[in-house]
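So the structure is just underneath, and the comments pick up after that.
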Amino acid sequence: MNKNVVLNDVLKEFQKLAEIPRPSGHEKKVSDYIAGKLRNMGLNVVQDKYNNIIAEKKAAAGFENVPLIMMQGHMDMVCEKRPDVDHDFTKDGLKLKVEGDYLTAEGTTLGGDDGIAVAYMLAILDDDTLKHPALECVITTDEEIGLLGAKALDTSVLKGTHMI
């Protein structure tokens, strides 16, 4: 496996997420995008009324007896901008740019917290060449304003005992 290929897949997913406005309290559109993408992968997906998502992927061949791994992240982002920038976080996607070895956003926060975790999960779940145990991905909402999605999540359905 070429780690640059995996990184490129993660960055492509992150770029797609950056195009979707996702401030706390306004995650429906990004939640629908994520849930739809996961369903198109053929995964078992639960999207609750709070727009939290739980997705499961079966273990790769040979890894069926390895304990399930849970990955967790949140889809909302810190929304800050320079005073001179005209940007509505409820309507406008981010404008990403590369500066040397750094990925930034033009005049706004990048949304890396926690868009990069969601991007990693999407890239991992979409790659059928990776060898892995069963995976359970939990993507919550409204983390930036008090862990509201996580607090509302029905955790009784979760199976993971090991979490990243």
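Annotations for the structure displayed:
- Bridging of K12 to lysines at a Cα separation below 22 Å is possible for K3, K28, K29, K37, K57, K91, K95, K97, K131, once same-chain residues fewer than 8 apart are set aside.
- Full extension of the chain between T104 and V157 gives 15.4 nm of extra length, using 0.36 nm per residue less the Cα-Cα distance.
- Start at zero, step by 10 Å, and the Cα-Cα distances of the chain spread as 10, 38, 34, 15, 2, 0 percent across the bins.
- Area of T109 that stays accessible when all protein chains are in place (1.4 Å probe, Å², to 10): 40 Å²
- Taking 0.36 nm per residue of sequence separation and removing the Cα-Cα distance, the L147/A60 pair yields an extension gain of 28.1 nm.
- For the pair L11 and D84, the difference between a 0.36 nm per residue extended length and the Cα-Cα distance amounts to 23.5 nm.
- Computed over the chain: relative contact order in percent, which uses C-alpha pairs under 8 Å that are six or more apart: 35 percent
- The GluC sites (Glu not before Pro) found in the stretch 57-142 that occupy coil by DSSP, while having at most 15 further C-beta atoms within 10 Å, are E64, E80, E106.
- Under the span-like rule (Cα at least 20 Å along the axis, Kyte-Doolittle mean at least 1.0), DSSP H helices of the chain: 112-126
The values are calculated or read from the model by the stated rules, or taken from the named source; none is laboratory data. Everything quoted here is computed from the prediction, not taken from an experiment. Ideal geometry is used to build each Cβ from the backbone, glycine not excepted, and the neighbour counts take in all protein chains shown. In case anyone asks, the SASA skips ligands and DNA or RNA and just uses the protein heavy atoms, side chains included. Shrake-Rupley method; radii C 1.70, N 1.55, O 1.52, S 1.80 Å.
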